[in-house]
Amino acid sequence: MHRPRIGIPLSLDDRGRWRAERTYHYIDQSYADAIDRAGGAALHLPIQSDVPGLVDAIDGLLLPGGDDFPSETPLAPEIEAQLDLVPAAQLAFDRMLFEAACAKGLPVLGICYGMQLMAIAAGGQLDAHLPSQRPDAGPHKLAPDARHPISIVPGSRLAAIAGADSMPVNSLHHQGVRTPGRGQRVAARGSDGVIEAIEWIADDGAPFRLGVQWHPEKQRDAFSERLFA
């Protein structure tokens, strides 16, 4: 039986973080493991020129977590220094992949950085550093096993997957979506109002396009398994 081929772009280290004077692609194995458990075949996608050809070879796209986006508004110098910016080449590749996948009508799941990229690509806006731009927000960089609740919008695609209006999720980010992009709606928020999920406003027959701010690949629970399935 054909296992759906799910493309996952790799993260790029072009600054010698892994090993000096070398450029590496890398990814957390848990993304491929989650795809495998859900019945798919994970295909890792290094940066390359033939984006249309890559999209023709896959059945769906997973945009994983990654590095930081630059701030759209000036931040204090000490805050700017904390941003670990995504390499320009990776951001351009990821965005081309996403736009080509949408043009082909493929299902797309964005996780953390991936959700933020989905919002930006559609004209949305980010908070580049929640502690300084949203001082009313609670902590969003939690210990690996810690959880906080999210409220899920009734009638959303995410609500149909969750089968509930609230779920506990992990949290490993300091940036977030301030406003969704064109054609997108908020599907979940934290108790502090921070957007935790976005999805496309479309009819029931529209392609699956959903972004979540947490890391379901790190959560071995029924909700996360259904999300990947």
So what does residue 99 come to for accessible area, using a 1.4 Å probe and Å² rounded to 10? 90 Å²
The percentage of Cα-Cα pairs in region 112-183 separated by more than 18 Å is 52 percent
Nearest 5 is fine: what % of DSSP beta bridges in the chain come out antiparallel, could you say? 60 percent
Determine ³J(HN,Hα), in whole Hz, for all residues of region 166-180 in sequence, where each value follows from phi through the Karplus function 6.51 cos²θ - 1.76 cosθ + 1.60 and θ = phi - 60°; x replaces Gly and Pro. 8, 8, x, 9, 7, 7, 9, 10, 10, 10, x, 7, 7, 9, x
Rg ratio (alpha-carbon, reference 2.2 N^0.38 Å) - region 143-229: 1.03
Could you tell me the ratio Rg/Rh of region 71-227? Both radii from Cα atoms, Rh via Kirkwood. 0.95
For 167, 115, write out the residues from largest to smallest accessible area, computed with a 1.4 angstrom probe and no ligands counted. 167, 115
The ³J(HN,Hα) series, computed from each phi in region 124-136 with the Karplus coefficients 6.51, -1.76 and 1.60 at θ = phi - 60°, rounded to the nearest Hz and given as x for glycine or proline, is x, 10, 10, 9, 6, 7, 4, x, 9, 8, 10, x, 7
Cα-based convex hull, region 1-133, per residue volume (Å³, whole number): 123 Å³
Return the carbon/sulfur percentage of the accessible area of region 8-152, one whole number, probe 1.4 Å, all protein chains in place. 54 percent
Round to the nearest 10 and report in Å² the accessible area of residue 208, as given by a 1.4 Å probe over the protein chains' heavy atoms. 50 Å²
So for region 44-109, what are the equivalent ellipsoid semi-axes in whole Å, largest first, each being the square root of 5 times an eigenvalue of the Cα gyration tensor? 29, 11, 10
In sequence order, calculated HN-Hα J values of region 86-95 (Karplus, 6.51, -1.76, 1.60; Hz; x Gly/Pro): 5, x, 4, 5, 5, 4, 5, 5, 4, 5
Would you calculate a helix-derived [θ] at 222 nm for the chain, using -39,500 (n - 2.57) for each DSSP H run of n ≥ 4 and dividing by the full residue count, to the nearest 500? -7000 deg cm²/dmol
In Å², rounded to a whole number, the accessible area per residue of the chain with probe 1.4 Å is 46 Å²
With loop defined by DSSP as not H, G, I, E or B, and exposure as at most 14 other Cβ atoms within 10 Å, which is the longest segment of the chain clear of exposed trypsin sites (Lys or Arg not before Pro)? 23-181
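The values are calculated or read from the model by the stated rules, or taken from the named source; none is laboratory data. A quick note: this is a predicted structure, and the numbers were derived from the prediction, not measured. Note: ideal-geometry Cβ built from the backbone for every residue, glycine included; neighbour counts use all protein chains shown. Each accessible area value is taken on the protein alone, full model and side chains, heavy atoms only, with ligands, DNA and RNA left out. Shrake-Rupley method; radii C 1.70, N 1.55, O 1.52, S 1.80 Å.
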